[in-house]
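No lab work stands behind these numbers, since they all come straight from the coordinates. Quick caveat, the model's predicted, so the values are computed rather than measured. Glycine also receives a Cβ, built like all others from the backbone with ideal geometry; neighbour counts cover every protein chain displayed.
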Amino acid sequence: MECNSGEAVKTGVMKGGGMGILMQAHLENEIEKREIKILNVTDLDEMSVSSFVIYRKSQTLSDNAQMFLQVLKSMHRKAKNVELLGHTSRSRQYR
């Protein structure tokens with residue numbers, strides 16, 4: 001099953017619907033209350049998720065927001081260059 005909401009994933013798992021994948025920050029309360037169990041998968045080297053930077057189209061970004069956006073773009077370019085050189089675990093072949 002696929003859920004578009006982290007809250008829906010948590011609810012499904014806590015009601016016996018199997019397991020889910022979420023960022024730890026979404027689970028802090030449940031971890032502290034010991035309502036869920038974290039499963040460490042040792043053979044799993046890396047997972048990636050799509051993230052998006054969003055802002056109101058009709059609003060001009062502040063200077064700080066523009067600088068932050070430039071930092072993110074710079075980090076993205078550097079990451080793509082590393083991927084092109086074959087230095088990421090995504091370039092590994094798995095059996």
### Query
Taking a point 7 angstrom from the Cα of Met14 along the C-beta vector, which residues in segment 29-53 have backbone N less than 19 Å away?
29-39
### Message
To make sure I understand the rule: partners must be lysines, Cα under 23 Å from the Cα of Lys33, and not fewer than 8 residues away in the same chain. Which ones qualify?
### Response
Lys10, Lys15
## Note on the structure
Footprinting proxy, Val49, Val9: sorted fewest to most Cβ within 10 Å, the residues are Val49, Val9
### Query
In segment 6-91, with Lys and Arg counted as +1 and Asp and Glu as -1 at Cβ, which of these residues, Gly17, Phe52, Val41, has the Cα nearest the positive end of the dipole, that is, farthest along it?
Phe52
### Query
All other residues with a Cβ under 13 Å from the Cβ of Glu28 taken together, and with Lys, Arg as +1 and Asp, Glu as -1, what is their net charge?
0
